[in-house]
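What follows is a set of notes on a single structure, which appears directly below.
Just so it is clear, none of the values below were taken in a lab; they were calculated from the coordinates. Because the structure is a prediction, the values reported are computed rather than measured. Backbone-built Cβ (ideal geometry, glycine too); neighbour counts: all protein chains shown.
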Amino acid sequence: MGRIKQVVAALKLKSVFAERRYKLYNIAYAWTHDAALADDLVQETIYKALKKAASLHDIETVDAWLYRILLNCWHDYLRTKGRNVELYDMDDERLEQDELYQQAQIVKRVRASIQQLPLPLREVVTLADLSGCSYAEIADIVEIPIGTVMSRLFRARKLLKKSLLDFGGDQQTRPVLRSVK
């Protein structure tokens with residue numbers, strides 16, 4: 001009977017991991033800017049998580065636990081490949097509709113700005129803004145004090161704001177208010 005419980009628990013845990021795969025991929029892609037590498041990191045994360053499932057004591061902390069494993073996999077990759085990893089941009093696609101094209105340009109600018117951030121700032125801002133982790137969860141995942149999380153997040157957002165405003169050039173257009181009759 002104990003073996004059946006283990007199998008059922010493993011299947012349940014596997015489905016929990018599968019539900020979080022998309023979030024893990026988004027975080028990994030934000031760090032790497034390479035779809036294949038992000039997918040590899042997520043696969044390695046889930047593999048390690050399944051292998052070490054017994055170390056997960058509380059299912060409520062599964063998100064932070066998975067993000068920590070993902071962060072460790074990312075750091076392992078950087079150690080083996082070196083800190084100067086080239087990150088590739090996605091090819092521009094010609095979009096016919098102006099709105100979709102502008103939206104794609106904004107996404108590209110944001111990704112490029114995130115890519116320019118130093119790694120510690122990039123990790124914190126993606127965990128906070130892409131995955132929605134709390135400061136305490138980020139502190140646990142990255143293993144830094146909450147105050148450091150807040151200061152890194154502040155600096156990352158400040159740099160992103162400056163970088164994104166620089167994309168627009170010196171001309172900052174103000175919206176024109178018109179009266180409609």
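Which of the lysines could be linked to Lys81 by a straight reach, that is with a Cα gap under 28 Å, when you skip same-chain ones fewer than 8 residues away?
Lys23, Lys48, Lys51, Lys52, Lys108
Kindly write out, for region 127-134 in residue order, the coupling ³J(HN,Hα) from the Karplus curve 6.51 cos²θ - 1.76 cosθ + 1.60 (θ = phi - 60°), rounded to whole Hz, with x marking Gly and Pro.
5, 6, 8, 8, 9, x, 5, 7
About the Cα centre, and with charges only on the beta carbon of Lys, Arg (+1) and Asp, Glu (-1), how big is the dipole of region 1-83? Nearest 20 debye, please.
Dipole about the Cα centre, nearest 20: 300 debye.
Say a paramagnetic label sat at a point 7 Å from the Cα of Leu13, along Cα to Cβ; which residues of region 32-60 have their backbone N under 18 Å from it?
Answer for region 32-60: 43-60.
Multiply the residue separation of Lys161 and Ala112 by 0.36 nm, subtract the distance between their alpha-carbon atoms, and state the gained length in nm to one decimal.
Here the answer is 16.4 nm.
Need one number: nm distance between label points at Gln103 and Asp76, each 7 Å from Cα along Cα→Cβ, rounded to one decimal.
The two pseudo-label positions are separated by 3.7 nm.
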